[in-house]
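> There's a structure below that I have some questions on.
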Amino acid sequence: MPVILMAPKRSKYFSRVATCYQGHKHDSIKEARRCDELNLIEKAGDIKWLKQQPIFTLQPKFRYRGKGIRAITYRADFSYYDTQSKMFTVEDTKGYKTEKYQMKKKLLIFKMRDRSDFLFLET
Ligand SMILES: [Zn+2]
């Protein structure tokens with residue numbers, strides 16, 4: 001009988017789950033460090049309403065021929081209001097940009113394109 005070794009559970013794209021100083025679980029060390037940084041910036045008052053992993057509905061759920069079709073959502077890494085630039089900012093720290101991410105990013109930007117106080121930021 002062959003011996004099957006089970007690999008330890010990891011998050012998607014093989015990056016380990018990283019915990020920030022606030023105790024959240026983040027998908028990467030880069031994201032966890034950015035969370036720490038943003039929390040300090042919030043304490044300094046340069047940003048407010050900081051949220052981790054905010055979810056945006058790109059397309060609502062609907063019914064098609066009696067069948068329920070799920071909504072398309074996008075989970076960003078952070079969102080906050082920048083008190084200096086007065087911009088509502090959605091931030092993603094993606095290291096590896098998948099096609100799915102690129103498409104969702106494009107749909108979010110399209111949805112928000114007329115809001116001059118909206119900024120999508122990749123860090
Ligand atoms: Zn965090």
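> Going by amide H atoms built from the backbone, whose H comes under 5 Å of the H on Met87, apart from near neighbours?
Here the answer is Asp82, since their amide H atoms fall under 5 Å of that of Met87.
> At 0.36 nm per residue, minus the direct Cα-Cα distance, what do Thr73 and Lys51 gain on full extension? Give it in nm, one decimal, please. Before the final figure, lay out the partial values.
Numbers: separation 22, 0.36 × 22 = 7.92 nm, distance 1.62 nm.
The span from Thr73 to Lys51 would gain 6.3 nm if fully extended.
> Averaging sequence separations of C-alpha pairs under 8 Å and six or more residues apart, then dividing by the length of the chain, give the relative contact order as a whole percent.
Values: 174 pairs, mean separation 20.9, N = 123.
For the chain, the relative contact order is 17 percent.
> What are the ³J(HN,Hα) couplings of the range 78-95, residue after residue, when phi is run through the Karplus curve with 6.51, -1.76, 1.60 and θ = phi - 60°? Round to Hz, x for glycine and proline.
Coupling constants for the range 78-95: 8, 9, 6, 9, 7, 6, 7, 8, 6, 10, 7, 10, 10, 10, 10, 9, 2, x Hz.
> What length, rounded to one decimal in nm, is gained on full extension from Leu119 through to Leu58, with 0.36 nm per residue of separation minus their alpha-carbon distance? Before the final figure, lay out each step's value.
Values: separation 61, 0.36 × 61 = 21.96 nm, distance 1.62 nm.
Length difference between fully extended and current span is 20.3 nm.
> If you don't mind, another one. Taking a quarter of the surface of the Cα convex hull of the range 69-114, what do you get in nm²?
Values: hull surface 17.1 nm².
Computing the convex hull of the Cα atoms and averaging its projections yields 4.3 nm².
> Turning to a different aspect of this structure: Calculate the translational D of the chain in whole µm² s⁻¹ from Stokes-Einstein, where the hydrodynamic radius comes from the Kirkwood formula applied to all Cα pairs, the temperature is 4 °C and the viscosity 1.567 mPa s.
Details: Rh = 16.5 Å.
Roughly 78 µm²/s, to the nearest whole number.
> Is there a quick way to get the dipole size of the range 47-122? I mean about its Cα centre, with the Cβ of Lys and Arg at +1 and of Asp and Glu at -1; what is the value in debye to the nearest 20? Walk me through the numbers before you get to the answer.
Working: 18 positive and 8 negative charges, 130 e Å.
So the magnitude is around 620 debye.
No value in this document is a laboratory result; all are computed from the given coordinates. Predicted model, so just to flag it, every value in this text is computed and none were measured. Note: ideal-geometry Cβ built from the backbone for every residue, glycine included; neighbour counts use all protein chains shown.
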